[in-house]
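What follows draws every value from the coordinates through simple rules; no lab data is involved. Values in this document were obtained by computation on a predicted structure and should not be read as measured data. Every residue, glycine as well, gets a Cβ built from its backbone with ideal geometry; the counts of neighbours run over all protein chains shown.
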Amino acid sequence: MFKNFIKIAWRNITRHKIHATINVTGLALGITCCLFIFLWVQDEKSVDKFHVNEKNLYAVYQNITAGGKTNSTYTTPFRYVDNKPGFLLEDVKSVVPGVKYAAFYATGYNLPWGHAETFQVGEKIIKLEGSRAGSDFFKLFSYPLIAGTAETALKDVNGIAISRKMAGFFFGSPEKAMGRTLRFENRANVIVTAVFENLPHESSLKFDYLFNWEAQKHLLEWDSNDFATYIQLADNADVKDVEAKLNELLQSRAAKSAGITQQLALQRFGDLYLHNIFVNGKPEAGRIQYVRIFSGVAIFILIIACINFMNLATARAVKRAKEIGLRKVVGSTRGQLIMQFLSEALSFALIAMFISILLLYLLLPAFNNFTGKHIVPPIAQPIFWLSLLLLVLITGLVAGSYPALYLSALKPVRILKGIIRFSQGSALFRKGLTVFQFVLSIALIIATIIISRQVDFVQNTHLGFDRENLVYIRVEGELAKREKYLLFKNEASRLPGIAMIDRSTEAPHSMDFVVTDDINWQGKEKNASVGFKPASVGFDFIKLMNLKIAEGRDFSRTISKDSADAFMVNEEAVKQMGMKDPIGKWISAWKKRGHIIAILKDYHTQSLREPIKPVVLDVKETENFGLIMARIKPGETKDALASLSKVYKEVNPAYPFNYQFVDEEYKKLYSSEQVISKLTILFATLAILISCLGLFGLVMFAAEQRVKEISVRKVLGASLVQIVTLFSMDFLKLVMIASLIAAPLSWYFMHQWLQDFAYRIPISWWIFLLAAAISLVIALLTLSYQAVRSGLANPVKSLRAD
């Protein structure tokens, strides 16, 4: 019997090709969309899940509360013991029961190694990005070692662990690299003690080399928190007990600051990638929001595709009514008819699945490029095929359920007499399905507009400084020497395409470093505390950046005290310090006490997710780290960079000339939002396309039902325009109802999404009006074909029909 069902289903598919094509196209698009979202979600969830000890790996985070505000961060408190730098949790595995291994990992961009560094062997020279880590690092994490062991990889303070790629570049193979010497930053020789496999794409940590942390302690001259602490717990350890012991250790060792409290907590390392935005001191938000949103989108788009099938199947009910009546007369039961219709639906779903797999293979490279992923078709994974089979079954059953139940319930006597009427309830149900489709589609259109506008806003809004034509170069090698820096600045400033050169210890668009300790000011209350974004800059920094001075004066070379005595703060700093008339009042920072000479207009030092923070600047041209910044004249970028490279190589020949444009680096801060914006546009387009197929099906149904009515109207003188209007208004009303329902729903969800940004666009009324207009126009275009076709049909043929 089942074989017979399949035969009949295939015969119906081949006999009604247009109907079958529309059905298969809708289902194929829905399934394809689901597959891509499934693979994207799976890839997101797989990040950092490959470690053998993943269930026992934890990241330490801390909550710092000052002035009633809690700042949460994945960094580890740092301290000095007997005038020697060290981690507050340096001996954690020996003093806290339950901690099996612990390793520190440098994360900050404000440290000497927070950028690409230079390595050389003979004539080969390259810049690569790496970090520093504790000696237990390769014991915690399952990064495969090709050469060397986890015990010895980071044991030697003069050693370095490098990637397969790095070993191949310098030595040809991992085996040949072991024990060989690399020239590091043209100032020290390091020995290769291990070679690890190139990091998988599923790793959130990215590095091509690792040094032992012990070899770099002496480089720190200030308290810093830019280090992550990762620990592996023993199998029987209790997380809450370990957290309590960590906080006991923190309280016994951390320096006490009035008005500031610190607390440590643990988060599963495998959860960090998706849950890395803190809400009330806990990592509860982050990319997981996008995973949930797009998982919902996948389900909704598949539902839209299933609704199309229902509408199209019902639209053909008139033509199949006699077939159903005859089957019932000759003895077919309702159960057999239901099985017949479900078989047809499953056949459609199966064909759609094969088309979807083909589309997946064809479009996956473009999708990877679109999203920045490295997804490969999981054909070797049984779970993929099981999921695909389950998807086909669910799609077929959901899509075929309503037509099967509805058509199998038709009365054979009434059918064979030609009395085929559809109840008001069934008509309302079909219209409800169409409204539901367009609610989802319009909501996606609204989301697309809002996300696109927010991404455009955060990328292009004025930050309070001029980021156009601004490049920066890392201070390294010879440029760390004051005389060499001044030589470079003087030579570069005379180049035709260079408007100005100056320096800063921090990148102006990503000042992550925050100082709370040891900053005092005149009139400070006893328990007051302000987290400052600090930077030491050159004399021309304000002019170079086009910063605005609200009150006071700029740094000046002609005033000798400025190098030792002058500070600038921004308006937000004045506000949080509670200062009145701050010009001339003293402030102390970095073991230096001076006076405020200017108040800067507020400017953004991070992405627009963060509110403007207090900024304090002093002038210093003697730092051996930081950035050299160059303002290029408009339209002369290519020639200016070529000239700048030539001067750089003359002053600093042992280092490759690398530069970054501030505006491009700033846009990278929103890479996730850019991908989400693209995906939303893609899925909104698919949703509206599939919805229009459903609308087309409903129009077909209406045309079948009203064919004689239309003929009578034409005979009585109705014009084509009147016929098209007759068709269109009923369906356009459905789209308008969907717009009214979608507006408040999309406003709520997009309002929640925008809360992640301290600076955001308003959700204007015209966005909802535009989305409704777009959907109405698309719906009207969809309706027009069938409406015009019905209006042009010969009324004589229709009226002659039985």
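Odds and ends about this structure:
- Integer Hz, Karplus 6.51/-1.76/1.60 couplings in order for the stretch 387-399, x for Gly and Pro: 5, 5, 5, 4, 4, 5, 4, 5, 4, x, 5, 5, 5
- The stretch 612-627 and the stretch 635-692: distance between their alpha carbon centers, rounded to Å: 25
- Cα-based convex hull, the stretch 740-788, per residue volume (Å³, whole number): 81
- The stretch 424-495 and the stretch 162-207 have Cα centres lying 34 Å from one another.
- Each of the peptides 135-141, 659-665 was scored by the mean count of other Cβ atoms within 10 Å over its residues; in descending order, highest first, they stand as 135-141, 659-665.
- Most to least packed among 21-33, 617-629 [average Cβ atoms within 10 Å]: 21-33, 617-629
- Taking the square roots of 5 times each eigenvalue of the Cα gyration tensor of the stretch 513-610, largest first, gives ellipsoid semi-axes of 20, 18, 13 Å.
- 3J(HN,Hα) from dihedral phi, the stretch 557-565, Karplus parametrisation 6.51/-1.76/1.60, rounded to Hz, x for glycine, proline: 5, 7, 9, 4, 6, 4, 5, 10, 10
- Ranked by the mean number of other Cβ atoms within 10 Å of their residues, highest first, the peptides 119-126, 459-466 come out as 459-466, 119-126.
- Interatomic Cα distance distribution for the stretch 589-682, bins of 5 angstrom, percent: 2, 8, 12, 14, 16, 15, 15, 12, 4, 2, 1, 0
- Averaging 1/r over every pair of different alpha carbons in the stretch 459-512 and inverting the result gives a Kirkwood radius of 13.0 Å.
- Across the stretch 445-562, the relative contact order, built from alpha-carbon pairs under 8 Å that are at least six residues apart, equals 25 percent.
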